[in-house]
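Asker: Below you will find the structure I want to go over with you.
Read the figures in this text as sums done on the coordinates, not as results from a lab. Everything numeric in this text was worked out from a predicted model, so none of it was measured. Don't worry about glycine lacking a Cβ; one is built from the backbone with ideal geometry, like all the others, and counts go over all protein chains shown.
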Amino acid sequence: MAATVYPAGVIDRDTIKAARALLGWNAERLASESKVSLGAIKDIERGATNPKLDTLKAIQEAFDRGGVVILEPGDMRLGGRGVRFKD
């Protein structure tokens, strides 16, 4: 089953931090799982860069493989926007 690709802006720095916390991942683990450099992960989380869609997609796919779903605005499953474990 293919991973869901979320619209730009859904995966923002706060969402990334929340998903990492839910999974118990540090930035190094996310970098490893997503194949995105640790520096890029840290820059995104600090708001120091505007990441490319490919970078956000790689991060989202890592979370998807980790068992987390990211709900976009307007999606009211499980209480609305945010991050949750998959069913």
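Asker: Quick one: net charge around I11, please, counting Lys, Arg +1 and Asp, Glu -1 for every other residue with C-beta under 10 Å from its C-beta.
Answerer: -1
Asker: Which whole-number percent is the relative contact order of the range 13-85 (Cα, under 8 Å, 6+ apart)?
Answerer: 31 percent
Asker: Determine the sum of side-chain charges near T49: Lys and Arg each +1, Asp and Glu each -1, restricted to other residues whose C-beta is under 11 angstrom from that of T49.
Answerer: +2
Asker: Within the set of other residues whose C-beta is less than 13 Å from the C-beta of G66, count the net charge using Lys and Arg as +1 and Asp and Glu as -1.
Answerer: Summing Lys and Arg as +1 and Asp and Glu as -1 gives +2.
Asker: Multiply the residue separation of T49 and E28 by 0.36 nm, subtract the distance between their alpha-carbon atoms, and state the gained length in nm to one decimal.
Answerer: 5.8 nm
Asker: List K57, K35 from most exposed to least, where exposure is judged by having the fewest other Cβ atoms within 10 Å.
Answerer: In increasing order of surrounding Cβ atoms, one gets K35, K57.
Asker: For the range 13-85, state the semi-axes of the equivalent ellipsoid (square roots of 5 times the eigenvalues of the alpha-carbon gyration tensor), sorted largest first and rounded to whole angstrom.
Answerer: Working from the Cα gyration tensor, I get semi-axes of 20, 13, 11 Å.
Asker: If each residue's Cβ is checked for other Cβ atoms within 10 Å, how do T55, T49 rank with the fewest at the top?
Answerer: Least crowded to most crowded, the residues run T49, T55.
Asker: Non-local amide H neighbours of V68 (under 5 Å, H modeled in plane, Pro and chain starts lacking H): which ones?
Answerer: K86
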